[in-house]
Amino acid sequence: MNRSVLAALLLLGAPSLAAAPAAPSPSSAKARAIHESALIIDTHVDTPLRMLGEGFDLGSQPPNGQGHLDLSRARAGNLGAAFFSIWVEPKEFAGQYTHQSLRIIDSVLSAVEKHPDQMVLALSSKDIVAARAGKQKKLATLMGVEGGHSIQNDLGVLRDFYRLGVRYMTLTWSNTNEWADSSGDISDASVKHHDGLTDFGRDVVREMNRLGMLVDISHVSDKTFFDTLKVTRAPVIASHSSARALTNHPRNMTDEMLKAVATNGGVVMVNFFSAFIDDTYRTSYAAMATERKAAQDAVEAKHKASDPVTRYRANSQASWEWAAKVQRPPLESLINHIDHIAKVAGVDHVGLGSDFDGINSSPQGIDSVADLPRITEALAARGYTREQLHKILGGNLLRVFREAERVSRELRAPPSVQR
């Protein structure tokens, strides 16, 4: 989730009805068949923002055509599993991080209860596979806490989150917390930094390993990243990050970091946000920062007394309108990042972490989760094989999840049976 696009929703254009679509080429038909046979996992969707902010029901069509993900479009894109982000804005909810996290978790669990024929809570790698077995394929629904501030410096809260179904935690969001530095404010001299992880931060990583909770290093500072790799016994994930060599943003990962993730056995899930995958978009979007903030502040002031849903939708619409002032990058930009990470870290260490419903601009052709087949087709056109595509689309994340579970079993075992 990016603060400048808080609660952002993409306005989706209606498909043209002027002409019948052209028949698919043999190569695109083959790519589609590969896509349909894959277990597709997206490790970061911010849809709970809409669910809690405007009472959005995943089983319905999004209001005014907005939003990236609902159950209908998830089926159209053959999405097999999604990690729903539990993200708490640190300034707005200061001192209430855990309470607000529980509200968001409740919204996800309530959605699963409301749509038992289409969704199932997944607590393990086996649950993900089981959800897609048989004729009635369900969306394996998982949760990831985005930002370690949500545990409020309490390992007991971390354990409670795990008991409620949380299966990864991003060590920081864009804010440095009391035990780990973030890439989002690492250059801000007014923020107290820790030179990476503190001793308590190391304890957090160790406890996540013991629980079997995936350690997510998206958003963290470079020093926090390398400190984490020194501590963790399990492979890490970057739930929604891209390649800094292609787009010079601190949220992205350097080639050195990509290689370190590969050595660790982890996986980097590529973010779809235009500013993270295209330097032209990034610089143009950044150039509007002052104007954009002033306009957003004006919208917030105008709707300060409005009901929460009206306020949420007004902020979302304003965010989308500003993003639309910059031309969206081509799909090729996203594919370049996947390709780069596959080449630098290896094809076993890259996947998809869209940031859907938390971003206000994605590459051309990717308007929602229903468009995921276009990614498969574009990668196939670059020569990726069926086996490699299955890894990128979800197999790599599943492998990392299984290894984290294995490490957890080992760490939880009595000393007499530990290796």
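The numbers here are math on the coordinates, done by the rules we state, and not lab data. Just so it is clear, the model here is predicted, and its values are computed rather than measured. A quick note on method: Cβ atoms are made from the backbone with ideal geometry, for glycine too, and the neighbour counts reach across all protein chains shown.
Eigen-decomposition of the gyration tensor built on the alpha-carbon atoms of the chain gives equivalent ellipsoid semi-axes of 29, 27, 22 angstrom, largest listed first. Entry note, the chain: the mean residue ellipticity at 222 nm calculated from DSSP H runs of n ≥ 4, each adding -39500 (n - 2.57), is -13000 deg cm²/dmol after division by the residues and rounding to the nearest 500. For the stretch 163-264, taking the reciprocal of the average inverse distance between every pair of different Cα atoms yields a Kirkwood hydrodynamic radius of 13.6 Å. Between the stretch 307-368 and the stretch 202-220, what is the separation of their alpha carbon centroids in Å? Computed from Cα coordinates, the inter-centre distance equals 26 Å.
Checked against a 31 Å cut-off, the cross-linked pairs Lys230/Lys293; Lys114/Lys343; Lys223/Lys325; Lys91/Lys223; Lys192/Lys391 give Cα-Cα distances beyond that limit for Lys230/Lys293; Lys114/Lys343; Lys223/Lys325; Lys192/Lys391. What residue among Pro330, Phe401, Ala314 has its Cα farthest toward the positive end of the dipole of the stretch 295-419, where the charges are +1 on Lys, Arg and -1 on Asp, Glu, each on the Cβ? The one lying farthest along the dipole's positive direction is Phe401. Each Lys and Arg contributes +1 and each Asp and Glu -1, all at the Cβ; summed about the Cα centre of the chain, the dipole is approximately 1040 debye. Using 0.36 nm per residue and subtracting the Cα-Cα separation, the extra length available between Lys343 and Ala33 on full extension is 109.1 nm.
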